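See below for the structure under consideration.
The values are calculated or read from the model by the stated rules, or taken from the named source; none is laboratory data. The shown structure was predicted, so the numbers you read here are calculated from the model rather than taken from an experiment. When we count neighbours, we look across all protein chains shown, and the Cβ atoms used for this are built from the backbone with ideal geometry, even at glycine.
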Amino acid sequence: MKYPKNICLLLIFAMLFSIATQQVYAKDYVIGEHKVPVTKPDPASTYVGSEKCKTCHMEKYNDWKTSGHPYKLNTPAEEQAFNSPPIPAPDGYTYNDIYLVIGGWGWKSRYMDINGYIITKTGANRDKNGSNQYNIATKQWVDYKPGQTLKFDCGNCHTTGYSLAGNKDNKKGIVGTWEEKSIGCEACHGPGSVHVAKGGGKGVGIIHNESAAVCGACHTRGADDTKIIAKDGKFIDHHEQYPELLNSPHKGLNCVQCHDPHKGTHNGQTNPTEGASIKAQCSTCHAQQDADFTGSTMQKAGVECADCHMPDTGESAVGDAAKFKGDIATHLFKINTDPNAKFFDDAGKFANGYLTLDWVCLNCHNDENKAWAGQYAKGIHKFVKAEATATAKPAPTPKTPAFEALLAISALLVAVLVRRR
Ligand code: HEC
Ligand code: HEC
Ligand code: HEC
Ligand code: HEC
Ligand code: HEC
Ligand code: HEC
Ligand code: HEC
Ligand code: HEC
């Protein structure tokens, strides 16, 4: 009886010890939604940080600095230096009460308290649930999981050299640790110590991978990369560019055939980089459609390929589903011209993988409907508005007859009342 008990205790101690040492020493780096192990360019490679790459790759570094990738997590000081005017702290907090600002480059910001938890309660006494996410476009506070206790378990997509073990800076609210805040050079190129130690060079201790899957690690959502997950049955949720691409006619393309991965494209707060990263325009590969569209009524009015083929079907911060307007451009491209086609499946859980005419046309033509759009959709590139049809269209005066009818009825009522007297 005595021995087995001691052996049990010994075993338990041994186990605890090994777990503890694992947490301290084992750095199993993982990346992206599926937390897959990071591929090292060399078995000896460790992370050195983006600043180390700057010396020899100044141009790439400067480009990267204008993109959203380096601003995923910002210290209060960085935040206040980078956004002008700086994004405000939540109600009841000062920047001294904040460990890191999450995002705030393009769409929205959330905040970590001093212990690393995501702030979900605000107000002087921290007893008000919500008003914890700041939307840049509208300068408004909205609710993000109000009142919940939320750990920051987002490092797999928002940091570089992420490991699930431990807590960064011993903050209880943070799951895992990382080597560099935000998306540094080594998030895409792998840990670079060997490359740097050997003085750099092509194929020397560094990864050069142009596959869409590199970006898809983080620009995806959920277990299945081919499923496009809906947000409340109204929008496509954000960070789903990879599943969208895989469902699109461009599934054979890599992100970097259209994007310079070091440059940004979203029209951010202090980095107005809209379109900067786009190195191949639609016309580069679709010369025929470009020629067809040139000279059409809508082309002359300033409508562009992406307005119809990449409308904002995604929502990160601000959207109006009734107007078919989110804040993230889609990568579905293909338009289903059937006016009865549905964008989401019946349960509203997933997008069907093509664009429907409401999202394509009605976000500009607010007063029309899908049936109207369906009449024009086929052959739309060459569409030139016939002057005769345009003037023949009756003036939109639906309110007048109703108003006149109301007047007539009140006049009649008055007449009846007068007679009764
Ligand atoms: C989001 C992923 C990503 C990040 C972050 C990133 N790169 Fe790249 N980089 C790529 C990809 C993909 C390529 C290859 C395709 C291309 O050049 O467009 C590339 C190419 C390069 C090249 C080779 C260019 C050539 O013409 O051969 C260099 C050098 C480079 N990156 C340096 C850097 C440095 C330095 C940083 C950080 C300041 C950085 N990269 C950040 C993805 C990234
Ligand atoms: C001491 C200078 C030096 C430093 C520091 C350095 N590089 Fe390089 N790197 C080079 C040189 C030189 C090349 C080859 C350039 C060429 O042939 O065009 C290169 C090539 C590359 C390439 C292209 C590799 C290929 O096979 O196509 C990438 C990607 C790259 N570096 C990324 C990085 C990253 C990320 C860092 C920081 C971790 C970094 N470099 C730090 C000098 C350096
Ligand atoms: C699967 C990877 C992934 C995970 C997990 C993830 N995000 Fe993101 N997040 C992204 C990507 C990619 C973007 C930018 C592209 C987009 O929104 O379509 C983004 C954008 C954001 C933005 C907007 C940034 C800005 O500058 O406006 C915030 C804020 C944000 N995420 C917070 C979080 C928080 C908090 C968590 C954890 C609770 C989280 N994210 C989990 C990938 C991820
Ligand atoms: C380690 C995760 C990760 C990887 C890998 C990654 N991204 Fe991102 N990406 C993000 C996050 C997080 C954001 C949100 C950053 C922000 O706006 O604050 C983002 C934002 C963006 C944006 C919008 C902001 C901007 O700068 O315009 C573009 C475009 C983008 N990524 C393209 C790419 C491409 C192309 C690749 C592959 C070469 C890639 N990303 C790889 C995580 C990642
Ligand atoms: C790097 C080249 C390239 C660029 C840039 C490009 N495409 Fe494509 N596109 C292709 C290829 C390849 C296909 C698939 C083959 C095909 O069907 O022609 C395709 C297919 C398509 C299709 C489906 C064609 C069909 O017959 O159903 C649409 C729609 C489309 N692209 C729109 C666009 C738009 C809009 C842009 C700009 C935002 C664009 N493409 C940019 C190469 C490109
Ligand atoms: C006003 C909205 C609109 C604009 C702007 C627009 N397209 Fe389209 N495009 C459509 C519709 C709708 C279809 C489907 C037509 C069909 O099935 O007959 C389509 C089809 C396509 C296709 C599939 C092959 C084909 O010709 O049917 C390609 C490729 C394409 N567009 C590329 C482009 C490019 C490139 C531009 C910019 C030069 C552009 N589109 C501008 C609405 C638009
Ligand atoms: C056929 C070309 C093409 C391919 C392939 C492509 N993109 Fe894009 N992407 C664009 C264009 C064009 C825009 C700008 C759309 C606009 O602003 O209307 C864009 C915008 C974006 C944005 C910013 C969205 C916003 O609303 O601010 C992100 C993030 C992004 N792309 C990521 C990716 C990722 C990740 C991949 C690969 C999985 C990818 N893209 C593949 C052409 C492409
Ligand atoms: C980015 C905004 C935008 C999008 C998206 C758009 N249009 Fe237009 N459309 C315009 C503008 C601007 C005009 C020009 C108005 C004028 O000059 O009379 C126009 C004119 C028209 C006209 C002629 C005028 C009229 O009202 O009868 C038709 C028809 C039309 N669009 C159909 C479509 C269809 C179908 C789609 C989707 C496949 C579409 N548009 C997508 C902005 C847009």
Residue list for the range 299-313, filter: surrounded by 17 or more Cβ atoms within 10 Å (Cβ to Cβ), within 15 Å of ligand 7 (Cβ to nearest atom) and part of a helix (DSSP H, G or I): Cys305, Cys308, His309
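Can you go through Tyr71, Tyr61, Tyr95, Tyr134 and tell me which one is over 23 Å from Glu274 (Cα atoms) and of a type in the set (Ser, Thr, Tyr)?
Tyr95
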Can you give me the number of residues within the range 318-337 that are of a type in the set (Lys, Arg) and within 9 Å of ligand 5 (Cβ to nearest atom)? 1
Quickly run through the range 217-254 and pick out the residues that are within 16 Å of ligand 1 (Cβ to nearest atom) and in contact (Cβ under 8 Å) with a residue 40 or more places away in the chain. Ala217, Cys218, Thr220, His239, Gln241, Leu245, Leu253, Asn254
Six or more apart or on different chains, Cβ atoms under 8 Å: show the pairs whose first residue is in the range 75-104 and free of Cβ contacts under 8 Å to residues at least 60 places away in the same chain and of a type in the set (Gly, Ala, Ser) and whose second is surrounded by fewer than 18 Cβ atoms within 10 Å (Cβ to Cβ) and not in a helix (DSSP H, G or I). Gly92/Gly123; Gly92/Ala124; Gly92/Asn125; Gly92/Arg126; Gly92/Lys128
Residue among Ser283, Ser296, Ser248, Ser277 that is surrounded by fewer than 16 Cβ atoms within 10 Å (Cβ to Cβ) and not assigned by TED's automatic domain parsing to the domain that holds Glu59: Ser283
What pairs come up if the first residue lies in the range 123-137 and is on the phi < 0 side of the Ramachandran plot, the second is crowded, with 16+ Cβ neighbours inside 10 Å and of a type in the set (A, V, I, L, M), and their beta carbons are under 6 Å apart, counting only those six or more places apart or on different chains? Asn132/Ile119; Tyr134/Ile87; Asn135/Ala317; Asn135/Val318; Ala137/Val318
So Ser316 fits all but one of (1) closer than 20 Å to Asn135 by Cβ; (2) in contact with a helix residue (DSSP H, G or I) (Cβ under 6 Å, 6 or more places away or on another chain); what number is the exception? (2)
Taking into account only those residues within the range 255-264 that are touching a residue at least 60 places away in the same chain (Cβ under 8 Å) and not acidic (Asp, Glu), which is surrounded by the most Cβ atoms within 10 Å (Cβ to Cβ)? Gly264
Can you tell me which residue in the range 87-106 is nearest to ligand 8 (Cβ to nearest atom), limited to those that are surrounded by 18 or more Cβ atoms within 10 Å (Cβ to Cβ) and not hydrophobic (A, V, I, L, M, F, W, C)? Gly106
